[in-house]
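Accompanying notes for the structure given below.
The values are calculated or read from the model by the stated rules, or taken from the named source; none is laboratory data. This is a predicted model, so every value here is computed, not measured. Counting neighbours? That spans all protein chains shown, and the Cβs are built from the backbone with ideal geometry, glycine included. Just the protein is used for accessible areas: all its heavy atoms, side chains included, with ligands, DNA and RNA removed. Shrake-Rupley method; radii C 1.70, N 1.55, O 1.52, S 1.80 Å.
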Amino acid sequence: MANASNATLRVHGGNDLLGQPEIEFSSNANACGPCPIAVRAIEQVDPSYYPESGYLTLRRQLANFHGVGMDRLLIAASGSEFITRITALTAVNGKGAVWLPKHAYADYATAASAYRLSRAATPEEAGLVWCCDPTSPLGQTDELLARAGQLQGTVVLDRAYEPLRLEGALPIDQAALDRVWQLWTPNKVLGLPGIRAAYAIAPVGAQAQVQQMQQLAASWLLGTHGIAMLESWMTAETQAWVKGSLNTLRQWKVQQIALCTSLGFECLPSLANFFTARLPGHDDPAALLKRIDRIRATSVKLRDATSFGLPGHARLSVQPPESQAALRDAWWGSA
């Protein structure tokens, strides 16, 4: 039997076998964070009590925040937990294949594989369709959104990076939005990825699916700290902080793209607080991975984009100027 320590680890940004990187380009969390309003709210909760059963108060608050009916609001332990659960629902209902974007978060495919769901050739043939806007790792517009509301399968719009959009707007109207699931994970924009808490807004008229999703959920999806973060997310003070942070990120992004270009990176267009770059040496991915590992040893972490289907590329979140300087020194030092 294989030792558990030798099991293949899923590829993610952030903390790894070397611990928490000092200079963090691999995670898309808001580099202006953590949001101080949310931190204060989290520090003030009492974790010695169970959260409210059913999260009725939180669901009502989130529904009011988004202007939807409470019966459309579903709590999730995290974005990844929701991905796994709605994939399980697709399998339970015998809905068949899953549509996955060409370049996307690997958990969509991981969940489909776990439930032995095949990959659909077209969105029209799928029982479960994944969209994300801005997309990850590219941070671009998801072209499928133009017809997402017309598809017959269950469509999920992952809005993880919508609050971190630095330009443009979501290319879908309200009528189409009301026909798809919307997945929200505010911990990224608040700079608090270590707090696991998310929620989804169901399509209009999807009460049966919502009930099934609730039946598939474990008890106590969120602890008190996750609840506090989501409650803080909805406040005017936090929303003002988010707006201010986006202005800062726009300035940092211009500087970072200029720096990366000077290093020989080919920076691809992005609407969000991150972008993907084709790296020098991209024609030799194995050697490039070794260079990225050498950079990681200096406490600077890049997100290799091979798991997204883009070998020879890295996804970089926008970071402050001092971190950008560290990247410059680490890149030249690793040659």
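Leaving ligands, DNA and RNA out of it, rank S53, S270 by accessible area with a 1.4 Å probe, largest first.
S53, S270
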(message) Suppose R0 equals 45 Å. What FRET efficiency, 1/(1 + (r/R0)^6) with r the Cβ-Cβ distance, do R179 and W332 give to the nearest 0.05?
(response) 0.35
(message) Can you work out the Karplus-derived ³J(HN,Hα) for every residue in region 106-112? Use 6.51 cos²θ - 1.76 cosθ + 1.60 with θ = phi - 60°, whole Hz, and x for glycine or proline.
(response) 5, 5, 4, 6, 4, 5, 4
(message) Can you tell me which lysines have their Cα less than 20 Å from the Cα of K290? Leave out same-chain residues fewer than eight positions away.
(response) K301
(request) Express in nm, to one decimal, how much length is gained between T110 and D71 on full extension, taking 0.36 nm for each residue of separation and deducting their alpha carbon distance. (result) 11.1 nm
(request) Could you tell me how many degrees, from 0 to 90 and to the nearest 10, lie between the Cα long axis of helix 224-233 and the main elongation axis, the longest principal axis, of the Cα atoms of the chain? (result) 80 degrees
(message) What percentages make up the Cα-Cα pair-distance distribution of the chain when the bins are 20 Å wide from 0?
(response) 30, 59, 11
(message) What does the C-alpha gyration tensor say about the overall shape of region 201-335? Classify as rounded when a/c is under 1.5, otherwise prolate if a/b is larger than b/c, or oblate.
(response) prolate
(message) Among Q215, Q140, Q152, which one shows the highest mean-square fluctuation when the chain is modelled as a Gaussian network with alpha-carbon springs under 10 Å?
(response) Q215
(request) Jot down the per residue volume, in cubic angstrom and as a whole number, of the convex hull over the alpha-carbon atoms of region 213-280. (result) 164 Å³
(message) For the chain, give me the percentage of DSSP beta bridges that are antiparallel, rounded to the nearest 5 percent.
(response) 55 percent
(message) I'm a student and want to see the number: the projected area of the Cα convex hull of region 254-322, averaged over all directions, in nm².
(response) 4.7 nm²
(message) Given a 10 angstrom Cα cut-off, can you work out which residue in T224, T122, T154 is the most mobile in a GNM of the chain?
(response) T122
(request) Express the relative contact order of the chain as a whole percentage, based on alpha carbon pairs under 8 Å and six or more residues apart in sequence. (result) 25 percent
(message) If I take R0 = 35 Å and measure r between the Cβ atoms of R147 and N93 in this structure, what FRET efficiency does the formula 1/(1 + (r/R0)^6) give, to the nearest 0.05?
(response) 0.95
(request) Apply the Debye scattering formula to region 166-273, with a single equal point scatterer on each alpha-carbon and no solvent, then give log10 I(q)/I(0) at q = 0.11, 0.17, 0.22, 0.24 Å⁻¹. (result) -0.55, -1.05, -1.26, -1.31
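Specify whether the C-alpha gyration tensor of region 56-137 places it in the rounded, prolate or oblate class, a ≥ b ≥ c being the square roots of the eigenvalues: rounded for a/c under 1.5, otherwise prolate if a/b is larger than b/c and oblate if not. Intermediate values should be presented prior to the final figure.
On the way: a/c = 2.12, a/b = 1.74, b/c = 1.21.
The shape class here is prolate.
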(message) What FRET efficiency comes out for Q251 versus Q215 if R0 is 45 angstrom and r is the Cβ-Cβ distance? Round to the nearest 0.05.
(response) 0.45
